[in-house]
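Enquirer: Okay, handing you the structure first.
The values are calculated or read from the model by the stated rules, or taken from the named source; none is laboratory data. All figures in this text were calculated on a predicted structure; none of them were measured in a lab. Here the Cβ positions follow ideal geometry from the backbone for every residue, glycine too, while neighbour counts run over all protein chains shown. Keep in mind that these areas ignore ligands, DNA and RNA; they rest on the heavy atoms of the full protein, side chains included. Shrake-Rupley method; radii C 1.70, N 1.55, O 1.52, S 1.80 Å.
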Amino acid sequence: MNNEMSTKIHKFVQNGMYILLDVNSGAVHVIDKMIYDIMDIFNGKNDNEVINNLKSQYAENDLKEALDELHILMDKNQLFAPDIDVPPTFKAKGLVKSLCLMTAHDCNMRCKYCFGDTGEYGGERQLMNNKVGRAAVDYIIEHSGPRKHCEIDFFGGEPLINMPLVKDVTEYVRKREKETGKEFKLTLTTNGLALNDDNIKWLNDNNISLVLSTDGRRETHDNMRPDCGGQPTYDKVMKNFKKCVDSRNGENYYMRGTYTAENLDFTKDVEAMADAGFDILSMEPVVLKDSPYGLTEEMLPEIFAEYDRLTDFYLKRHREGKGFFFFHFNMDLSNGPCVAKRLAGCGAGHEYYAVAANGDLYPCHQFVGRNKYKLGNVFDDLDEGAEDITRYFRESHVMNKERCKTCWAKYFCSGGCHANADLFHDDIRKPYEVGCEIQKKRLECAIAVQAVLSMEKIGKKDYKPASVNC
Amino acid sequence: MKHIQTVNEPTLQATKTSGGCGECQASCQSACKTSCTVGNQVCESKK
């Protein structure tokens with residue numbers, strides 16, 4: 001197939017299925033081996049070439065039948081769909097609708113892989129005060145224009161060690177909601193060590209979504225997430241998480257882990273979370289440079305095999321009636337985000353800022369402390385010249401990144417994490433390669449999961465998985 | 001079809017001229033915090 005058409009599709013084998021993704025429409029087709037082979041050659045108008053090349057392997061009538069089906073897909077814009085350009089719905093300037101508040105540049109744990117230097121973010125340990133917190137709320141209201149839905153994540157360090165600030169900002173948000181008609185979604189990311197009956201009740205009463213950090217198995221967690229004195233924390237945090245999640249009827253939370261070079265068998269950690277009674281889960285690859293815990297290119301085959309195991313485990317639990325949500329597999333292939341959203345990506349630097357404890361603004365929480373990315377502060381707005389930075393972030397979408405332009409995954413990952421690109425290449429337009437490879441494998445698994453669930457839902461009884469070892 | 005089973009009703013092409021309301025959640029505000037995953041976000045207007 002010529003290069004122009006090959007960038008419009010992606011075909012792969014996952015969980016015994018041959019899958020064809022049409023990049024520009026998002027159509028996902030489960031195909032047979034013959035179509036899989038045809039797509040090595042077919043470019044939409046070379047039927048005879050396909051037949052001549054494959055007639056020694058397949059009956060000519062079967063090839064013609066398969067090609068007819070492919071042409072039907074083309075007529076429906078579900079194969080070789082036209083390229084997508086920057087749409088008019090993607091405005092030149094973003095509106096800031098999400099803030100990550102660094103409520104505490106301090107933490108009661110000393111996680112070995114912490115990107116925030118265990119809370120310091122390259123500076124001093126400090127807590128955000130109420131004046132900064134309230135100014136951040138005003139900032140987002142002033143800069144979110146007509147958008148009704150806004151978000152604030154209480155982050156750190158560990159936000160529970162600054163509960164007075166969390167409570168004051170929440171109270172102020174609710175007051176400002178009434179005055180402005182905005183609706184805020186509030187999230188708090190916690191390591192769980194300081195959860196207690198009082199703050200659990202308060203978090204529930206105030207409808208704060210929780211992101212609960214733990215790494216799965218006891219040995220994984222205790223290895224990476226000791227307290228300030230180097231003592232294990234697993235028993236304490238899991239007891240607190242259980243109490244907390246039970247008290248909110250198992251809803252409105254995500255349990256989130258990080259895997260490192262030391263637990264590439266992370267399916268067992270996801271299993272440990274599920275077996276501990278939690279069913280809204282995420283497991284993220286660590287991103288570290290020059291660290292013994294960091295992931296390297298050499299580890300990719302092992303990581304890919306582990307995602308295969310995770311996919312099998314996910315489907316097995318689902319079929320047993322003990323299914324769980326896994327953040328990266330929860331993909332709605334029919335009602336996903338619009339093109340504008342897929343270009344905007346995470347919004348870092350143009351729709352999403354982080355607010356440091358002193359009120360300084362950064363493109364996102366991971367940029368806090370990277371001085372050249374300081375944008376301004378919540379009291380004085382952007383610094384002189386910072387608009388150039390925010391514009392650069394806005395325009396650093398997949399159509400302006402060389403490596404992304406021809407990548408099949410671009411409308412799912414939106415070009416990857418800017419902070420990771422900056423960490424590895426000092427350039428947000430040069431994606432972090434190991435992250436890309438992991439992302440692509442994870443997407444293949446996610447698409448396969450959705451395809452399997454879809455086939456099972458419609459009772460495709462004659463669906464026969466291909467006998468391939470994937 | 002005999003050789004192909006399409007498992008979704010894709011809408012990507014249709015949103016070349018629609019959407020962009022920006023009411024959806026910032027992806028990093030949910031669970032990841034260390035990676036950018038947009039494909040699994042939910043469109044607020046289709047909830």
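Enquirer: Among the residues of the stretch A:126-152, which ones are in contact with a strand residue (DSSP E or B) (Cβ under 8 Å, 6 or more places away or on another chain) and either closer than 11 Å to residue A:358 by Cα or assigned to a helix (DSSP H, G or I) (or both)?
Expert: Within the stretch A:126-152, A:126, A:127, A:128, A:132, A:133, A:136, A:137, A:139, A:140, A:141 qualify.
Enquirer: Among the residues of the stretch A:2-20, are any more than 29 Å from the chain's Cα centre (by Cα) and either open to solvent by less than 30 Å² (accessible area, probe 1.4 Å) or within 13 Å of another protein chain (Cβ to nearest Cβ) (or both)?
Expert: Within the stretch A:2-20, none of the residues are more than 29 Å from the chain's Cα centre (by Cα) and either open to solvent by less than 30 Å² (accessible area, probe 1.4 Å) or within 13 Å of another protein chain (Cβ to nearest Cβ) (or both).
Enquirer: Give A:249, A:223 a once-over and let me know the one that is open to solvent by 40 Å² or more (accessible area, probe 1.4 Å) and in a loop (DSSP other than H, G, I, E, B).
Expert: Only one candidate qualifies: A:249.
Enquirer: Name the residues in the stretch A:89-128 that are under 17 Å from residue A:161 (Cα atoms) and at pLDDT below 90, would you?
Expert: Passing the criteria: A:116, A:117, A:118, A:119, A:120, A:121, A:124, A:125.
Enquirer: Here's another thing I want to ask about it. Only one residue in A:438, A:389 is part of a helix (DSSP H, G or I), modelled with pLDDT of 95 or more, more than 12 Å from chain B (Cβ to nearest Cβ) and in contact with a strand residue (DSSP E or B) (Cβ under 9 Å, 6 or more places away or on another chain), so which one is that?
Expert: From the options A:438, A:389, the qualifying one is A:389.
Enquirer: Quick check on my filter: what residues within the stretch A:407-427 are in contact (Cβ under 8 Å) with a residue 12 or more places away in the chain, more than 11 Å from chain B (Cβ to nearest Cβ) and part of a loop (DSSP other than H, G, I, E, B)?
Expert: Result: A:407, A:408.
Enquirer: For the stretch A:159-178, state whether one or more residues are within 14 Å of another protein chain (Cβ to nearest Cβ) and not acidic (Asp, Glu).
Expert: The answer is yes; a qualifying residue exists.
Enquirer: Which condition number in (1) open to solvent by less than 20 Å² (accessible area, probe 1.4 Å); (2) of a type outside the set (D, E, K, R); (3) within 11 Å of chain B (Cβ to nearest Cβ) is the one that residue A:376 fails?
Expert: Failing condition for residue A:376: (3).
Enquirer: Within the stretch A:47-57, is even one residue within 13 Å of chain B (Cβ to nearest Cβ), surrounded by fewer than 17 Cβ atoms within 10 Å (Cβ to Cβ) and either within 30 Å of residue A:339 (Cα to Cα) or not hydrophobic (A, V, I, L, M, F, W, C) (or both)?
Expert: No, every residue in the stretch A:47-57 fails to be within 13 Å of chain B (Cβ to nearest Cβ), surrounded by fewer than 17 Cβ atoms within 10 Å (Cβ to Cβ) and either within 30 Å of residue A:339 (Cα to Cα) or not hydrophobic (A, V, I, L, M, F, W, C) (or both).
Enquirer: Something else about it: Among what's in the stretch A:155-206 and is in a helix (DSSP H, G or I) and of a type in the set (Val, Ile, Thr), pick the residue that is farthest from the chain's Cα centre (by Cα).
Expert: Checking each candidate, the answer is A:180.
Enquirer: Residues A:277, A:321: which one is free of Cβ contacts under 8 Å to residues at least 24 places away in the same chain, more than 30 Å from residue A:419 (Cβ to Cβ), of a type outside the set (S, T, N, Q) and open to solvent by 30 Å² or more (accessible area, probe 1.4 Å)?
Expert: When all the criteria are applied, what remains is A:321.
Enquirer: Which numbered condition trips up residue B:42, out of (1) within 7 Å of chain A (Cβ to nearest Cβ); (2) at pLDDT 80 or above; (3) open to solvent by 20 Å² or more (accessible area, probe 1.4 Å)?
Expert: (2)
Enquirer: Condition test on residue A:128, is it under 23 Å from residue B:25 (Cα atoms), more than 12 Å from chain B (Cβ to nearest Cβ) and open to solvent by less than 70 Å² (accessible area, probe 1.4 Å)?
Expert: Here the answer is no, as residue A:128 does not meet what is asked.
Enquirer: If you go through the stretch A:226-236 one residue at a time, do you hit one that is touching a helix residue (DSSP H, G or I) at 6+ places or on another chain (Cβ under 6 Å) and under 21 Å from residue A:324 (Cα atoms)?
Expert: no
Enquirer: Assuming residue A:431 fulfils every condition listed in (1) surrounded by fewer than 20 Cβ atoms within 10 Å (Cβ to Cβ); (2) out of contact with any Phe, Trp or Tyr (no Cβ under 6 Å at 6 or more places or on another chain); (3) under 27 Å from residue A:354 (Cα atoms) apart from one, which condition is it?
Expert: (1)
Enquirer: Do you know which residues across the stretch A:131-147 are open to solvent by 10 Å² or more (accessible area, probe 1.4 Å) and either over 16 Å from residue A:94 (Cβ atoms) or of a type in the set (A, V, I, L, M) (or both)?
Expert: Hits for the stretch A:131-147 are A:131, A:134, A:135, A:138, A:141.
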